[in-house]
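Before any comments, here is the structure.
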Amino acid sequence: MSNIVAIVGRPNVGKSTLFNRLSGTRKAIVNETSGVTRDRNYGKSDWNGVEFSIIDTGGYATNSDDIFEEEIRKQIMLAIDEADAILFVVDVKQGITDLDAAVASILRRTKKKVYLIANKADNSELTFAANEFYSMGIGKQVFPISAVNGSGTGDLLDELINDF
Ligand code: GDP
Ligand code: MG
């Protein structure tokens, strides 16, 4: 299979929750504590009969900010290498953080297709708040979603498979 989608972003934005929703499994560990996904998880998904593979990235098991950024950088470089498309997940409840900006600056250099996913948009107010992320200048549009209740994921998947 050639359509490989990697989920990247700083810890706790909901990458593993999104992975579990898209792959229909509970394989990725979701936790309140940052950095709980130690390994990369690989799953399969399909939308309207179009199959693709998903990679959940993580493994940010350190408290030092320097090593932390380095570790995230490594994961993203790997993801860019492996994947055809990147889902860059941010958190509407937290807004743009320094680590988000660091991730964005790495992703801006790739030629691979990057989708900016504003997760935790659980209601219409938070969906509106997702507009803040347009200032990051990643991709053509911001996709507000709720990995927990599933809202917005259909629009995202429509766009994703359309670009394969
Ligand atoms: P990761 O570190 O990026 O893999 O994040 P996780 O998937 O482990 O999620 C971190 C926390 O955010 C957990 O407490 C999740 O339940 C929560 N979370 C994930 N997605 C959503 C969402 O769409 N809405 C809300 N309210 N919480 C979410
Ligand atoms: Mg995780």
Point to revise | Prolate/oblate/rounded label for the range 82-164 (Cα gyration tensor, a/c 1.5) | key: oblate
Study note, to complete from the structure: Between the modelled labels at Arg109 and Asn123 (7 Å from Cα along Cα→Cβ) the distance in nm is 4.1 nm
Practice item. Among the lysines, select those whose C-alpha is under 21 Å from the C-alpha of Lys15, and discard any that sit fewer than 8 residues away in the same chain. Key: Lys27, Lys44, Lys74, Lys93, Lys112, Lys113, Lys120, Lys140
Check your understanding: Any idea which of Ser124, Ile161, Thr110 is furthest toward the positive side of the dipole for the range 94-164, if Lys and Arg beta-carbons carry +1 and Asp and Glu beta-carbons -1?
Key -> Thr110
Review point. Where the centre of each part is set by its Cα atoms, how far does the range 146-164 sit from the range 110-145, in angstrom?
Key: 12 Å
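Since every read-out is calculated from the coordinates, none of them should be taken as a lab result. Predicted model, so just to flag it, every value in this text is computed and none were measured. All Cβ positions, glycine included, derive from the backbone under ideal geometry; neighbour counts span all protein chains shown.
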